[in-house]
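Below: one structure, written as structure tokens.
The values are calculated or read from the model by the stated rules, or taken from the named source; none is laboratory data. Computed from a predicted structure; not experimentally measured. Note that we place each Cβ from the backbone using ideal geometry, even for glycine, and neighbour counts take in every protein chain shown. Each accessible area value is taken on the protein alone, full model and side chains, heavy atoms only, with ligands, DNA and RNA left out. Shrake-Rupley method; radii C 1.70, N 1.55, O 1.52, S 1.80 Å.
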Amino acid sequence: MAASDLYPTVQKDVARIAALAEVRSAGEWFRSQESRFAERQLEVARIAAPPFGEANRGAWLSDRFREIGLTQVETDKVGNVFAVHPGYGNRYVALSAHIDTVFPATTPLNVRQQGSRLYGPGVSDNGAGIAAMLAVAEALQTARIPHALPFVFIGNVGEEGEGDLRGMRHVFATPRWKNAIAYSIVVDGAGADTVVAEALGSRRFEVIVRGSGGHSWSDFGAPNPIIVLARAIDVFSLTPVPGSPKTTFNVGVIRGGTSVNSIPESASMRVDLRSTSMAEIDRLERAVATENQAAASQTTRKPQAVQSEVVEIGNRPAGELAQDARILKVIRAVDAHLGNTAQVQRASTDANIPLSLGREAIAIGGGGSGGGAHTLQEWFDCTGRDLGLKRILLTMLALAGTGE
Ligand SMILES: [Zn+2]
């Protein structure tokens, strides 16, 4: 069924906005400015932004926000960079792009262009998102398109890996923003063919088992943390998980011991739990803890001599959009209008935070195409980027309303 059949009023609204002279000229402007967008994307990809080391990139972004003419440019205490394009009303439509990369500070940033292709670590994830955010902000400043709600642009820190969504978490914990953001559009990576409307939750733990340790011969009988942990892993690996809601677990790293003739003092494992349902993640978390206890008492006559500790090393909340969420109707109407085919997906992105709070949020791509994310061979192709930019712009304008 076409979106126009599903949501006729939203579809009409999108068509009306798309037909505005200012919006049409913004579409042409996107095409004519492509070489500048690519240049900016290369420039930002050359600034290292490892997790917890995004400050230089944040400073670069504040300069770009000011240069474009956005107002209220500021950096919060965790390093998120904000800028506003004013409107009417006190709730905002937010457009955000994470500025961190997965690459450590020492990674050589061999960033280069060959024809329509850009190469280098982070050039697409999230160079494409940052470039799209700046292009759309500049279009709004330049074309003077009428709209009601104001827009806030956010370059946020800490999306990748151990960043654990700390930037977005901070935005939605700040009194200034937590209730003021009515809709969140997260731009992450390249493409225009997906809509992330469901947040995949995950939780990561380190489980550490400790004992007194000792000599393999003279202290034989002392509790052995490696054996306790091995038994716990064995039992845990048999824990049933549902196919729906899809739930998975992984033991990804084990460590422990000092030498072959020593009873180890400690052993540890790292566990990754994922589910579309937080209740399932909670259940698995309890299973990890109780099976660990049980393994200690089965393995040794002195279970009290074994201590185990479960340390959380990552926590991304699950959540999903309500079926009748306005943001989903709008993006589907925009895609129908542009003749763009996009699939609704579930993933772990910055949108997890607003979605877990019951807010309207989606994650989409910044246009063009890309590949090799999280590798040194990462690439982005600028061809057709304007479709992705128009898609973002129309979605923002339809969400903001044009005050009619
Ligand atoms: Zn990303």
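Does region 210-221 contain at least one residue that is in contact (Cβ under 8 Å) with a residue 60 or more places away in the chain and part of a helix (DSSP H, G or I)? Checked against the condition, which is being in contact (Cβ under 8 Å) with a residue 60 or more places away in the chain and part of a helix (DSSP H, G or I), region 210-221 yields no hits at all.
In the condition set (1) farther than 16 Å from ARG203 by Cβ; (2) open to solvent by 80 Å² or more (accessible area, probe 1.4 Å), ARG270 is compliant with all but (1).
Condition (residue is in contact (Cβ under 8 Å) with a residue 24 or more places away in the chain and either basic (Lys, Arg) or more than 22 Å from ALA361 (Cα to Cα) (or both)) applied to region 163-174: is it met by at least one residue? Lay out the reasoning, then the answer.
Keep residues of region 163-174 that are in contact (Cβ under 8 Å) with a residue 24 or more places away in the chain, which gives 163-172, 174.
From the residues that got through so far, the ones that are either basic (Lys, Arg) or more than 22 Å from ALA361 (Cα to Cα) (or both) too are 166, 169.
Yes, region 163-174 contains a residue that is in contact (Cβ under 8 Å) with a residue 24 or more places away in the chain and either basic (Lys, Arg) or more than 22 Å from ALA361 (Cα to Cα) (or both).
Confirm whether ARG203 is of a type outside the set (S, T, N, Q) and within 30 Å of ALA287 (Cα to Cα). Considered against the rule, which asks whether it is of a type outside the set (S, T, N, Q) and within 30 Å of ALA287 (Cα to Cα), ARG203 comes out as yes.
Yes or no, residue by residue, for (1) within 25 Å of the chain's Cα centre (by Cα); (2) open to solvent by less than 10 Å² (accessible area, probe 1.4 Å); (3) acidic (Asp, Glu); (4) under 30 Å from THR258 (Cα atoms):
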{"site": "SER184", "(1), (2), (3), (4)": "yes, yes, no, no"}
{"site": "VAL187", "(1), (2), (3), (4)": "yes, yes, no, no"}
{"site": "ALA199", "(1), (2), (3), (4)": "yes, yes, no, no"}
{"site": "SER218", "(1), (2), (3), (4)": "no, no, no, yes"}
{"site": "VAL228", "(1), (2), (3), (4)": "no, yes, no, yes"}
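On the stretch given as region 33-56, residues that are open to solvent by less than 30 Å² (accessible area, probe 1.4 Å), closer than 26 Å to GLY384 by Cβ and in contact with a strand residue (DSSP E or B) (Cβ under 9 Å, 6 or more places away or on another chain) total 4.
For region 167-181, taking the residues that are part of a helix (DSSP H, G or I) and modelled with pLDDT of 95 or more, the one that is most open to solvent (accessible area, probe 1.4 Å) is identified as ARG169.
Any residue at all in region 264-274 that's part of a loop (DSSP other than H, G, I, E, B) and within 24 Å of GLU360 (Cβ to Cβ)?
If we filter region 264-274 for residues that are part of a loop (DSSP other than H, G, I, E, B), which is where we start, we get 264-265.
This time we only want the ones that are within 24 Å of GLU360 (Cβ to Cβ), so: none.
No, every residue in region 264-274 fails to be part of a loop (DSSP other than H, G, I, E, B) and within 24 Å of GLU360 (Cβ to Cβ).
Counting the residues of region 314-371 that are part of a helix (DSSP H, G or I) and closer than 16 Å to ASP164 by Cα gives 5.
All of (1) assigned to a strand (DSSP E or B); (2) under 12 Å from PRO225 (Cα atoms) hold for GLN293 with one exception: (1). Checking GLY167 against (1) more than 16 Å from the ligand (Cβ to nearest atom); (2) within 29 Å of VAL84 (Cα to Cα): exactly one of these is not met. Which one? The one condition GLY167 does not meet is (1). Total residues in region 26-52 satisfying the condition of being touching a residue at least 12 places away in the same chain (Cβ under 8 Å) and farther than 13 Å from GLU138 by Cα: the figure is 14. If you go through region 326-351 and keep only what is away from the ligand (no atom under 16 Å from the Cβ), closer than 25 Å to PHE172 by Cβ and open to solvent by less than 10 Å² (accessible area, probe 1.4 Å), you end up with ILE327, VAL330, ILE331, VAL334.
Filtering region 185-206 to residues that are of a type in the set (D, E, K, R), more than 15 Å from ARG316 (Cα to Cα) and not in a loop (DSSP other than H, G, I, E, B) leaves only GLU206. What number of residues within region 260-295 are at pLDDT 95 or above and of a type in the set (Ser, Thr, Tyr)? Here the count works out to 3.
Where strands (runs of 3 or more DSSP E) fall wholly inside region 1-117, the ranges with 3 or more residues that are among the β-branched types (Val, Ile, Thr) are 71-75.
Among what's in region 374-404 and is in a loop (DSSP other than H, G, I, E, B) and buried (at least 22 other Cβ atoms within 10 Å of the Cβ), pick the residue that is nearest to the ligand (Cβ to nearest atom).
Of the residues in region 374-404, the ones in a loop (DSSP other than H, G, I, E, B) are 374-378, 382-384, 401-404.
Within this subset, residues satisfying the condition of being buried (at least 22 other Cβ atoms within 10 Å of the Cβ) are 378, 382.
Working: GLU378: 11, CYS382: 18 Å.
Per the criteria, the residue is GLU378.
For region 354-370, a residue qualifies if it is in contact (Cβ under 8 Å) with a residue 40 or more places away in the chain, open to solvent by 10 Å² or more (accessible area, probe 1.4 Å) and more than 13 Å from the ligand (Cβ to nearest atom), and the qualifying residues are SER356, LEU357, ARG359, GLU360, GLY368, SER369.
When we screen ALA199, ALA190 for residues that are small (Gly, Ala, Ser), modelled with pLDDT under 95, within 15 Å of the ligand (Cβ to nearest atom) and touching a Lys or Arg at 6+ places or on another chain (Cβ under 9 Å), the only hit is ALA199. Scanning region 83-119 for residues that are surrounded by fewer than 24 Cβ atoms within 10 Å (Cβ to Cβ) and within 15 Å of the ligand (Cβ to nearest atom) gives VAL102, PHE103. Here THR194 fulfils each of the conditions (1) crowded, with 19+ Cβ neighbours inside 10 Å; (2) more than 26 Å from VAL288 (Cα to Cα) apart from (1).
For region 65-79, does any single residue satisfy the condition of being over 26 Å from ALA373 (Cβ atoms), buried (at least 24 other Cβ atoms within 10 Å of the Cβ) and away from the ligand (no atom under 16 Å from the Cβ)? There is no residue in region 65-79 that is over 26 Å from ALA373 (Cβ atoms), buried (at least 24 other Cβ atoms within 10 Å of the Cβ) and away from the ligand (no atom under 16 Å from the Cβ). Within the bounds of region 125-144, is there any residue that is assigned to a loop (DSSP other than H, G, I, E, B), within 16 Å of the ligand (Cβ to nearest atom) and either at pLDDT below 95 or open to solvent by 10 Å² or more (accessible area, probe 1.4 Å) (or both)? Within region 125-144, one or more residues are assigned to a loop (DSSP other than H, G, I, E, B), within 16 Å of the ligand (Cβ to nearest atom) and either at pLDDT below 95 or open to solvent by 10 Å² or more (accessible area, probe 1.4 Å) (or both).
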